[in-house]
Amino acid sequence: MHAATDAVVIREVGLRDGLQSIDRILPTAHKIEWIRAAHGAGMREIEVGSFVPARLLPQLADTAELVAFARTLPGLFASVLIPNLKGAERALEAGADLMLVPLSASHAHSLANLRKAPDDVVAEIAHIRAARDAAASAGDQHRGAGEGGSGKGEKPRESS
């Protein structure tokens, strides 16, 4: 039996997971309204997009704009999916609060999803953490990376 926890974090992922698989590109203004409405309904963590090449997922090309908007809403924790170090650099530049790296235990799934074996993704996470730590030492103190953002420099989540 596991001990009870004090908090449960609910992360809205529709802007990334829901929109990445459809052909239609939702205008940025509609996505901003989605974020505003979710925040107004009490959501305090929203995965606003992913820093992947626009040629691969044009539906997510406006992720930096969405992070910028999300940062204007009080108490909102803006997370993004990042596939690699380049995505992490873009997330840090945009000011994302949390970077999520997809890590699959399945070799085949990892190759299909990220074009890397699981061990290579783990090695990439080390580079991502180093970039995050370098950004933190340069004065960017609230970013989290890797396995859920539990490293140094993470901005504390507010309870809701």
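A short reminder: the numbers here are calculations on the coordinates, not readings from a lab. Since we're looking at a predicted model, the values are computed, not measured. Positions of Cβ are backbone-derived with ideal geometry, glycine not excepted, and every protein chain shown enters the neighbour counts.
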Please report how far the C-alpha centroid of segment 99-116 lies from that of segment 28-55, rounded to the nearest whole angstrom.
-> 23
Computed on Cα atoms only, the convex hull of segment 14-137 has an orientation-averaged projected area in nm² of 7.8
Residues with beta-carbon under 13 Å from that of residue 17, excluding residue 17: net charge, scoring Lys, Arg +1 and Asp, Glu -1?
-> 0
Ranked list, fewest to most other Cβ atoms within 10 Å of each Cβ, for 56, 98, 85 = 56, 85, 98
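So how do 86, 116, 31 line up by other beta-carbon neighbours within 10 Å, fewest first?
Lowest to highest Cβ neighbour count: 86, 116, 31.
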Could you put 82, 32 in order, starting from the residue whose Cβ has the fewest other Cβ atoms within 10 Å?
-> 32, 82
